[in-house]
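Structure first, then comments.
The values are calculated or read from the model by the stated rules, or taken from the named source; none is laboratory data. A quick note: this is a predicted structure, and the numbers were derived from the prediction, not measured. FYI the Cβ positions are ideal-geometry reconstructions off the backbone, even for glycines, and counts take in every protein chain you see. Calculation scope for accessible area: heavy atoms of the full protein, side chains included, ligands and nucleic acids excluded. Shrake-Rupley method; radii C 1.70, N 1.55, O 1.52, S 1.80 Å.
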Amino acid sequence: MKKPFAKTIDGQSPSVRKMDFEGLENLPRHYFNDNAIITHALNSFHVIFPEGERYFIRSVKPFQDHLSEPLKNRVKSFIGQEVQHGKEHERVWSAIRRYGLPLDKIAKFYYTTLYKGIFPFLRFLFGPKIDLSITAALEHYTATLGEISLKYDLARDAHGDMRKLLVWHACEEIEHKSVVYDVLQEVAPNYFLRIFGFAIATVLLWSYAILFQYWFLIADEEVSWKKFRADRFYARKHLGASVPPLFQGCLKYFRPNFHPDQMGGYELAEASLSAL
């Protein structure tokens, strides 16, 4: 990866950093400590993120012209960051395809069921503000997961620039974590809408993530029952480090006076980004 120009983490003024990760197209089959379970958990997110980032952008655009000027500028930076995230995660697709894994079938299923089916139906019932609420909730998930990942250095065993990709993405999720939430509060400061969106986001995110992880695992010809059992111990250690703080972070979202800035993490993101 070429060293990007230095831009410090600033939650009130996020920066677009165009990264140049090398070797994402040539990753080993099991690029996370030779562990198939965690690798395919990440592969599920490599499928989810690109179209998900585009959905995030579409969710804020209908409200962009009605925002206060400082927030409007933060939204522009948020959009720029999300475009870069989608591009970098999509670069991993060629590596996944090279091992004969059904990435395109999974991606088509994901796009058809969610973006042609579920989301249009929800929008028909509740209007475009439901997209904003769901996006704010998913941004809380990604920022919380990003902070957990950085705090416990969970990406340390990822191969090559995959580790840098995961760290960079985590840092920027922390940096822009309050943008969509602030848009939601400015255009629709409704507690029920916020929590309803969080409930929908929770069901959809983990349903697709777990389904795709096991879809990849079952399709992977090099994952025998013996390897699956051997990989479980290491995977459980990562699960044990991430699930309890993620659950605690999710509970905070239900506070009536919650704001993402209460979660902190900006200094951690700055230190982690500087070390790349």
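Would you confirm whether any residue within the stretch 212-222 is loosely packed, with under 15 Cβ neighbours inside 10 Å, over 15 Å from Ile37 (Cβ atoms) and touching a Phe, Trp or Tyr at 6+ places or on another chain (Cβ under 9 Å)?
yes
Need a quick list: helices (runs of 4 or more DSSP H) entirely within the stretch 80-190 having at least 3 residues that are within 19 Å of the chain's Cα centre (by Cα) and small (Gly, Ala, Ser).
Counting at least 3 such residues, we get 129-151.
Please specify each residue of the stretch 97-111 satisfying the condition of being of a type outside the set (D, E, K, R) and more than 19 Å from Ile210 (Cα to Cα).
Passing the criteria: Tyr99, Gly100.
Of all residues in the stretch 32-58, which are in contact with a His (Cβ under 7 Å, 6 or more places away or on another chain) and either modelled with pLDDT under 95 or farther than 18 Å from Tyr214 by Cβ (or both)?
Across the stretch 32-58, the qualifying residues are Phe49, Pro50, Glu53.
Name every residue in the stretch 26-50 that is open to solvent by 30 Å² or more (accessible area, probe 1.4 Å) and of a type outside the set (A, V, I, L, M, F, W, C), in order of residue number.
Matches in the stretch 26-50: Asn26, Pro28, Arg29, Asn33, Asp34.
I need the full set of residues from the stretch 99-110 which are of a type outside the set (Asp, Glu) and without any contact (Cβ under 8 Å) to a residue 24 or more places away in the chain, in order please.
Lys105, Lys108, Phe109
List the residue pairs whose Cβ atoms are under 6 Å apart, where the first residue sits in the stretch 31-60 and is without any contact (Cβ under 8 Å) to a residue 40 or more places away in the chain, the second is part of a helix (DSSP H, G or I), and the two are 6 or more positions apart or on different chains.
The qualifying pairs are Glu53/Glu82; Glu53/His85; Glu53/Gly86; Ile57/Ile79; Ile57/Glu82.
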